There are 2 protein chains.
Amino acid sequence: MSIVVQKFGGTSVGSIERIRAVAEIVAKTAAKGHQCVVVVSAMGKSTDQLVAMAKEISENPSPREMDMLLTTGEQVSIALLSMALQEKGLKARSMTGWQAGIETDHVHGKAMVRHVNTDAILNCLNRGEVVVVAGFQGLSPNSEITTLGRGGSDTTAVVLAAALKAEYCEIYTDVTGVFTADPRIVPSARKMEEISYEEMLELAHLGAGVLHPRSVEAALINQVDLIVRSSFVDEPGTWVKEESTMEQELNVRGIAHDLNVARIKVLGLPNHEHTLTRLFSLLADAHINVDIIVQSEHDQETIDVAFSVAENEGAEAERVLQSAKEELNFVKILAESGLAKVSAVGVGMMTKPGVAAKMFSCLSEAGVRVKMVSTSEIKISCVIDRELAKTAVQRLHTAFGLDGHEETASGKKN
Amino acid sequence: MSIVVQKFGGTSVGSIERIRAVAEIVAKTAAKGHQCVVVVSAMGKSTDQLVAMAKEISENPSPREMDMLLTTGEQVSIALLSMALQEKGLKARSMTGWQAGIETDHVHGKAMVRHVNTDAILNCLNRGEVVVVAGFQGLSPNSEITTLGRGGSDTTAVVLAAALKAEYCEIYTDVTGVFTADPRIVPSARKMEEISYEEMLELAHLGAGVLHPRSVEAALINQVDLIVRSSFVDEPGTWVKEESTMEQELNVRGIAHDLNVARIKVLGLPNHEHTLTRLFSLLADAHINVDIIVQSEHDQETIDVAFSVAENEGAEAERVLQSAKEELNFVKILAESGLAKVSAVGVGMMTKPGVAAKMFSCLSEAGVRVKMVSTSEIKISCVIDRELAKTAVQRLHTAFGLDGHEETASGKKN
């Protein structure tokens, strides 16, 4: 018998009705002869409610106590789902993170999984039980309850699938799969049948929002085959797996966008080896994530640096740098908000010449000015005006031949 | 330094505001130089909400999964209270039942505490931390999360106090102590300064409702000094401890009452050694708690049996017996609801002659007919008409010299 890991997010278990629907999906999988390990998140907005209570008590609650608090959300879900499975006549058993053998490091709020002791889960599976594991949580070496931070339940599912040598790992969510672009913006966007880890990683980082990059990384490292699919609609999802037949296909596989972008330009910095280190250390210390960085030499003595950040962190980034103006010794800062980032993603697109050229000409023809560019092996990103983002995504989707009719944006096959 | 265990029930931690108030009480205790172990229940009605969700999924949810579900309630409380303590500048650390070393048997939903491994708590206390422990929960020998059932958090506090050799154990609740009668019925009822375990046990069983009998038993067995006091009003409570100076005091210490009583009479049962065993086994199998039992021999061949039950279990008791009419071979059943039980309680009252006589004459003078009587070493209980219960309690309170003025029903010393 093969082991299948199935993960259901917060909206998928957001009500008693939804929990029953999830139990139905699990029951069908078990009926096919699979040994099922189910990972669930906290119900709907329950985590937000717990966070709100904590914030009422303390502006800056201790990470240890936050983990103690938040892990109750998943514990509620596993108990209720196990009851729902038992109500369907299945043998089911819930497990907290520590009961499931998920061992992490000491870092509360964003712990890394170090090892999974699969004994308890395997014992239950061998007794014919469905095991329902609380996502997002584990146990530190000194028996403290930890949480894995953002994307945590996806990560739990992937590491369990790896440790259990599961046949595959299903990530159930509220969309039907991974699309070539956001269907709300590009009506002709198609659901992909499969996508490589690397492409998924770029899409995840670029705001496609279906899978957290961290869980994709874990899947890549452990070579776990993922399926992203809907818990609301019964239809095939998108496989995320090692690239196979993809390279000879389209060079660009999807167009992603991120509407929450601001740009900060720091002009007239001294052209000195430590300048950039110090500048970005200051931002890192303030927990500001910098995305694209462009540096240009002004002359022998001075350089200009521009970088993009999430728009809501733009003001803070500016404040941090202004307060270090003396130390950094720059001339001035220019900040610009209201920007977006559009990206073309595809494994091996760099081996096909002309992708960048095609992207720029397409944007240019659409009257979209490119303000920053960043490239990697498998993606090109351009920062542009936010109000032109929708047009840009649509035009790029067409330009790279992604418009299609076999699978439409509704997610249903025609 | 002496260890003090403080327990706060659901209403005491029923809101963020209340949790802050509890933190204040704990902070004051710590400031006096005590090492504090705090046991908390789930917030207000949160356990009821969890039960309601489970019942929506299953009429008869698995006890194991119920424990998994319900223990989240206390886990939320310990995290929030620890945050509130930290916000006051105290070092505090929350612990689930298993982290606090509370080892139980295997019985989900009503586990018994078998042992407390105090290492983790003592380590924290020795580091100067306040330890906040989730009440009502423990860990079974095969690492399953268990709950202690009703009165569970009080029991957690008492067993921790015993294991830690605490100086005393404070039970904070929404009343200011133990009274000589219910102050809502007897305005002149006095708060007792102290009461013996045995008296408290009888009062607890008789519906005084302040402490669960089980926790009093645990305190008696382990000789833990308890204080029952209010988390809402700062005033001395009632000590529950080994009797000392009490015996030469009043022979009757308090008047308790229970308004939820029905009586079932089974007439014309065969006078056979197995008859009563079988009858009460049937009721026990149906989980019906029988209180007072009176048996009378009718003649050589037949007996009559009367017993009292909680009124809401009366119909079920009647149904169970009727369905076994053939086997039990009785003539008929008479059921009567609308009854109450009034009890006079006091250590050593049986060594003072005339307590029973005084009780009967007092009730008789008040026009109250006694329908059933039950006595123990330290109490006399009478089943009477419910509508006369208030009068009976008031008259008995006066007759036994309990009316007083030093401490009034408001709980404040004059």
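When B:F360 is tested against (1) touching a helix residue (DSSP H, G or I) at 6+ places or on another chain (Cβ under 8 Å); (2) in a helix (DSSP H, G or I), just one condition goes unmet, and that condition is (1).
When A:V294, A:V224, A:V305 are checked against the criterion of being under 22 Å from the mean Cα position of the chain (by Cα) and of a type in the set (V, I, T), a single residue qualifies: A:V224. Selection of first residues in the stretch B:146-163 that are under 16 Å from B:V210 (Cα atoms) and of second residues that are among the basic types (K, R) and crowded, with 24+ Cβ neighbours inside 10 Å, restricted to Cβ pairs under 8 Å at least 6 apart or on distinct chains, gives the following pairs, ordered by first then second residue: B:S153/B:K7; B:D154/B:K7; B:T156/B:K7; B:A157/B:K7.
Of A:E336, A:E297, A:E301, A:E326, all but one fail to be within 27 Å of A:R369 (Cβ to Cβ) and without any contact (Cβ under 8 Å) to a residue 60 or more places away in the chain; the exception is A:E297.
Only one of the numbered conditions (1) surrounded by 16 or more Cβ atoms within 10 Å (Cβ to Cβ); (2) modelled with pLDDT of 90 or more; (3) farther than 27 Å from B:L276 by Cβ is not met by B:G367, and that is (1). Which members of the stretch A:57-72 meet the condition of being out of contact with any strand residue (DSSP E or B) (no Cβ under 8 Å at 6 or more places or on another chain) and within 8 Å of chain B (Cβ to nearest Cβ)? Correct list: A:I57, A:S58, A:P61, A:S62, A:L69, A:T72. Looking at the stretch A:130-177, the strands (runs of 3 or more DSSP E) lying wholly inside it that each contain 2 or more residues that are more than 23 Å from A:V233 (Cβ to Cβ) and among the polar types (S, T, N, Q) sit at A:145-147. Among the conditions (1) away from chain A (no Cβ under 14 Å); (2) under 20 Å from the mean Cα position of the chain (by Cα); (3) β-branched (V, I, T), B:V186 misses just one, which is (2).
Look at B:R253 and say whether it is in contact with a strand residue (DSSP E or B) (Cβ under 7 Å, 6 or more places away or on another chain) and at pLDDT 90 or above. So B:R253 fails the test.
Tally time: how many residues in the stretch A:114-137 are in contact with a strand residue (DSSP E or B) (Cβ under 8 Å, 6 or more places away or on another chain) and free of Cβ contacts under 8 Å to residues at least 60 places away in the same chain?
Number of matching residues: 7.
The single condition from (1) over 21 Å from B:S58 (Cβ atoms); (2) within 13 Å of chain B (Cβ to nearest Cβ) that A:K32 fails is (2).
So if I check each of B:A284, B:A208, B:A204, B:A262, which one is among the small types (G, A, S), in contact with a helix residue (DSSP H, G or I) (Cβ under 6 Å, 6 or more places away or on another chain) and modelled with pLDDT under 90? It would help to see each step written out before you state the result.
Numbers: B:A284 fails: in contact with a helix residue (DSSP H, G or I) (Cβ under 6 Å, 6 or more places away or on another chain); B:A208 fails: in contact with a helix residue (DSSP H, G or I) (Cβ under 6 Å, 6 or more places away or on another chain); B:A262 fails: modelled with pLDDT under 90.
After applying the criteria, what remains is B:A204.
Within the bounds of the stretch B:89-110, is there any residue that is out of contact with any Ser or Thr (no Cβ under 7 Å at 6 or more places or on another chain), free of Cβ contacts under 8 Å to residues at least 24 places away in the same chain and closer than 17 Å to A:S94 by Cα? No: zero hits.
Quick grid of which residues meet (1) touching an Asp or Glu at 6+ places or on another chain (Cβ under 9 Å); (2) over 30 Å from A:V26 (Cβ atoms):
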residue: A:K45; (1), (2): no, no
residue: A:D48; (1), (2): no, no
residue: A:V51; (1), (2): no, no
residue: A:S58; (1), (2): yes, yes
residue: A:P61; (1), (2): yes, yes
residue: A:E65; (1), (2): no, yes
residue: A:Q75; (1), (2): no, no
residue: A:I78; (1), (2): yes, no
residue: A:L85; (1), (2): no, no
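Return a yes/no flag: does the stretch A:70-88 have any residue that is surrounded by fewer than 19 Cβ atoms within 10 Å (Cβ to Cβ) and either hydrophobic (A, V, I, L, M, F, W, C) or within 20 Å of A:S230 (Cα to Cα) (or both). Working first, answer last.
Step one: filter the stretch A:70-88 for residues surrounded by fewer than 19 Cβ atoms within 10 Å (Cβ to Cβ), giving A:87-88.
Then keep just the ones that are either hydrophobic (A, V, I, L, M, F, W, C) or within 20 Å of A:S230 (Cα to Cα) (or both); that gives none.
No, that holds for no residue.
The values are calculated or read from the model by the stated rules, or taken from the named source; none is laboratory data. If you're wondering where the values come from, they're calculated on a predicted model, not measured in any experiment. Don't worry about glycine lacking a Cβ; one is built from the backbone with ideal geometry, like all the others, and counts go over all protein chains shown.
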